1. Looking at the structure I just gave you, is Arg38 closer than 13 Å to Tyr19 by Cα and of a type in the set (Lys, Arg)?
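The values are calculated or read from the model by the stated rules, or taken from the named source; none is laboratory data. Predicted, not measured: the structure shown is a model, and the values here were computed from it. Cβ sites come from the backbone with ideal geometry, for glycine too, and all protein chains shown count toward neighbours. Just the protein is used for accessible areas: all its heavy atoms, side chains included, with ligands, DNA and RNA removed. Shrake-Rupley method; radii C 1.70, N 1.55, O 1.52, S 1.80 Å.
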Amino acid sequence: MSGGVRKLSGLQKDVLRLYRDCLRATRKKPAEAQPRFRAFARQEFEKNIASVKRTDVQAIEYLLRIGRRRLEQYMGPNVRDISF
């Protein structure tokens with residue numbers, strides 16, 4: 001077994017960046033709503049991990065675009081809580 005660390009592809013880095021951005025964005029929401037925002041983000045990423053192949057670049061790029069748009073929407077000042 002190799003002791004080296006495998007480098008992430010650009011697409012993998014984009015997915016991780018979006019996930020981190022989602023988690024960071026929850027800090028700007030009211031304290032009582034933060035756990036629900038984190039749980040929602042995690043659920044969405046886990047759902048898509050299960051349904052999309054790692055080699056399906058088009059689907060991953062599409063989901064990244066959708067995810068960025070949704071993050072922008074949810075981070076609006078009028079969105080104070082989330083239910084799912």
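1. Working: closer than 13 Å to Tyr19 by Cα: yes; of a type in the set (Lys, Arg): yes.
So Arg38 fits the description; yes.
A quick yes/no check of all residues on (1) open to solvent by 50 Å² or more (accessible area, probe 1.4 Å); (2) among the hydroxyl-bearing types (Ser, Thr, Tyr); (3) assigned to a helix (DSSP H, G or I):
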position: Ala25; (1), (2), (3): no, no, yes
position: Pro30; (1), (2), (3): no, no, no
position: Ala41; (1), (2), (3): no, no, yes
position: Ala50; (1), (2), (3): yes, no, yes
position: Arg54; (1), (2), (3): yes, no, no
position: Ile60; (1), (2), (3): no, no, yes
position: Arg68; (1), (2), (3): yes, no, yes
position: Gly76; (1), (2), (3): no, no, no
position: Val79; (1), (2), (3): no, no, no
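Each row is one residue, and each column tells you yes or no for (1) modelled with pLDDT under 95; (2) under 21 Å from Glu72 (Cβ atoms); (3) of a type in the set (Gly, Ala, Ser).
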| position | (1), (2), (3) |
| --- | --- |
| Met1 | yes, no, no |
| Gly4 | yes, no, yes |
| Gly10 | yes, no, yes |
| Asp14 | no, yes, no |
| Tyr19 | no, yes, no |
| Arg38 | no, yes, no |
